[in-house]
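Single-structure report; data block below.
The values are calculated or read from the model by the stated rules, or taken from the named source; none is laboratory data. Not measured: the values here are computed from a predicted model. No Cβ is skipped: glycine too gets one built from the backbone with ideal geometry, and neighbour counts run over all protein chains shown.
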Amino acid sequence: VKAATLGSKEAATIEMTIEGLSALVYGTLPVSDLTSFNWLKGGTQEERAVLSDWFPQKTIWMMEFF
């Protein structure tokens, strides 16, 4: 998955796996943790800050076992 920075005509330098995108959407991991799993590669600090603003980490509220 490649994303473009808002207001920019250039392609972003971030590459993300579906696992990384899912973790961001569900709020299970912060952006800083995605690099340790190799789910997020590249990107500037500015682009990662945008992702952190768009996808804040959520408090896990459903703890039932399935």
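From the residues in the stretch 33-66 that are polar (S, T, N, Q) and surrounded by 12 or more Cβ atoms within 10 Å (Cβ to Cβ), which one is farthest from Ile18 (Cα to Cα)?
By that ranking, first place goes to Thr44.
In the stretch 34-66, what residues are free of Cβ contacts under 8 Å to residues at least 24 places away in the same chain, in a helix (DSSP H, G or I) and in contact with a strand residue (DSSP E or B) (Cβ under 9 Å, 6 or more places away or on another chain)?
Hit for the stretch 34-66 is Leu34, nothing else.
Residues checked against (1) modelled with pLDDT under 90; (2) of a type outside the set (Gly, Ala, Ser):
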site: Lys9; (1), (2): yes, yes
site: Glu15; (1), (2): no, yes
site: Leu21; (1), (2): no, yes
site: Val31; (1), (2): no, yes
site: Ser36; (1), (2): no, no
site: Thr44; (1), (2): yes, yes
site: Trp54; (1), (2): no, yes
site: Met62; (1), (2): yes, yes
site: Phe65; (1), (2): yes, yes
